[in-house]
Amino acid sequence: MRDDRFVALLQLILIAFPARDDVVEPLMWVLSAATMTVGNLIALRQTNIIRMLAYSGVAQAGFMLAPLAVAGSNPVGAGQAIVTYLLIYAAMNLGAFAVVLAVSRKTRSAEISSWGGLFEYAPGLTVLMTVFLFSLAGIPPLGGWLAKFVVFQALLEPNTAGGTALAVVVGVNSVIALYYYANVAKEMWMQPAPDGDVTPVRVPFSLAAALVMTVVATVAFGVSNLATRFGDLALFVPQ
């Protein structure tokens, strides 16, 4: 789902139908749970990294829909969670696809098996792709953890049974997603190059610039907010 469609949906629910949460919330609950679960289960079966990222994008859309399931009881939190997720997802997803473009210039393939041995001949791209993959999975201290955190926060703040149940669904799907993201990382770091070709990858300036911007944003979102939250916790520690 495109960002402008999410914004339109957010406006429709929070502005056009603010008093119909009895209809909107159950609908968004089902749509969110179904979208993230179906997207993840299909992504699990993919051997092509572009298709895997595409179906993981479907699952990510389900995560973004989740706060709308409690929009009636937590409109501010739901809106903030979705906007935060959209910003972070844009950075880490664009970064992942930039690495895919760079690597495919050499391998001429999008099969995950063709990423074997990437660390041997493109260690920088391997590190960057690992950052993006684990950020998409929501691993701290990368930006994706903040995206998942604000969704959990929005779902749990109203203290409703529906919000709590959907938070559990989000948690289970996050674990499923981690499996297929980690599978790509394992291929890059632990498997040999399939054809023995370890000539370096040449990255055009435009792609390199995109990678720098996206990785800085992905790391900065997560680290800065993690530091802020630890700072807030420190206020409650007895001196």
Open item on the list: Kindly evaluate VAL99 against the criterion of being at pLDDT 95 or above and under 16 Å from the mean Cα position of the chain (by Cα).
Closed with: yes
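Is it true that VAL100 is of a type outside the set (Ser, Thr, Tyr) and more than 30 Å from VAL198 (Cβ to Cβ)? Spell out the reasoning first.
Values: of a type outside the set (Ser, Thr, Tyr): yes; more than 30 Å from VAL198 (Cβ to Cβ): no.
No, not satisfied.
Mind counting the residues in the range 134-147 that are part of a helix (DSSP H, G or I) and surrounded by fewer than 24 Cβ atoms within 10 Å (Cβ to Cβ)? Walk me through it before giving the result.
First, pick out the residues of the range 134-147 that are part of a helix (DSSP H, G or I): 134-136, 143-147.
Next, only the ones that are surrounded by fewer than 24 Cβ atoms within 10 Å (Cβ to Cβ) stay: 134, 145.
Within the range 134-147, residues that are part of a helix (DSSP H, G or I) and surrounded by fewer than 24 Cβ atoms within 10 Å (Cβ to Cβ) number 2.
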Task: Filtered residue count, the range 163-189, keeping only those that are buried (at least 20 other Cβ atoms within 10 Å of the Cβ), of a type outside the set (A, V, I, L, M, F, W, C) and under 19 Å from the mean Cα position of the chain (by Cα) - done: 4
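With the requirement that a residue be in contact (Cβ under 8 Å) with a residue 60 or more places away in the chain and either in contact with an Asp or Glu (Cβ under 6 Å, 6 or more places away or on another chain) or in a helix (DSSP H, G or I) (or both), what does the range 19-46 give you?
GLU25, PRO26, TRP29, SER32, ALA33, MET36, THR37, ASN40, LEU41, ALA43, LEU44
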- [ ] Go through GLU111, GLU157 for me and flag whichever is among the charged types (D, E, K, R) and in contact with a strand residue (DSSP E or B) (Cβ under 9 Å, 6 or more places away or on another chain).
- [x] GLU111
Open item on the list: Every residue in the range 105-128 that is without any contact (Cβ under 8 Å) to a residue 40 or more places away in the chain, β-branched (Val, Ile, Thr) and over 20 Å from ARG51 (Cβ atoms), please.
Closed with: VAL127
- [ ] Determine if the range 59-80 includes at least one residue that is under 12 Å from the mean Cα position of the chain (by Cα), at pLDDT below 95 and of a type outside the set (Gly, Ala, Ser).
- [x] yes
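Select from the range 31-60 the residues that are among the small types (Gly, Ala, Ser), closer than 29 Å to SER114 by Cα and surrounded by fewer than 21 Cβ atoms within 10 Å (Cβ to Cβ) and list them in ascending order. Lay out the reasoning, then the answer.
Within the range 31-60, the first condition is being among the small types (Gly, Ala, Ser), and the residues that meet it are 32-34, 39, 43, 54, 56-57, 59.
Cutting the leftovers down to closer than 29 Å to SER114 by Cα gives us 39, 43, 54, 56-57, 59.
ALA54, GLY57 - these are the residues of the range 31-60 that are among the small types (Gly, Ala, Ser), closer than 29 Å to SER114 by Cα and surrounded by fewer than 21 Cβ atoms within 10 Å (Cβ to Cβ).
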- [ ] Starting from the range 154-167, take each residue that is over 16 Å from THR84 (Cβ atoms) and list its partners that are surrounded by fewer than 19 Cβ atoms within 10 Å (Cβ to Cβ) and not basic (Lys, Arg), counting only C-beta distances under 7 angstrom and pairs at least six apart or across chains.
- [x] PRO158/SER73; THR160/SER73; GLY163/LEU156; THR164/LEU156; ALA167/LEU156
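Of the residues VAL131, VAL127, VAL99, which is surrounded by fewer than 22 Cβ atoms within 10 Å (Cβ to Cβ), of a type outside the set (Ser, Thr, Tyr), out of contact with any strand residue (DSSP E or B) (no Cβ under 6 Å at 6 or more places or on another chain) and assigned to a helix (DSSP H, G or I)? Explain how you work it out, then say what you get.
Working: VAL131 fails: surrounded by fewer than 22 Cβ atoms within 10 Å (Cβ to Cβ); VAL99 fails: surrounded by fewer than 22 Cβ atoms within 10 Å (Cβ to Cβ).
On inspection, the qualifying residue turns out to be VAL127.
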Task: Residue list for the range 156-205, filter: out of contact with any helix residue (DSSP H, G or I) (no Cβ under 9 Å at 6 or more places or on another chain), closer than 28 Å to SER113 by Cβ and in a helix (DSSP H, G or I) - done: VAL175, LYS186
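The values are calculated or read from the model by the stated rules, or taken from the named source; none is laboratory data. What you are looking at is a predicted structure, and each value in this text was computed from that prediction instead of being measured. For neighbour counting, all protein chains shown are included, and Cβ atoms are generated from backbone atoms with ideal geometry for every residue, glycine included.
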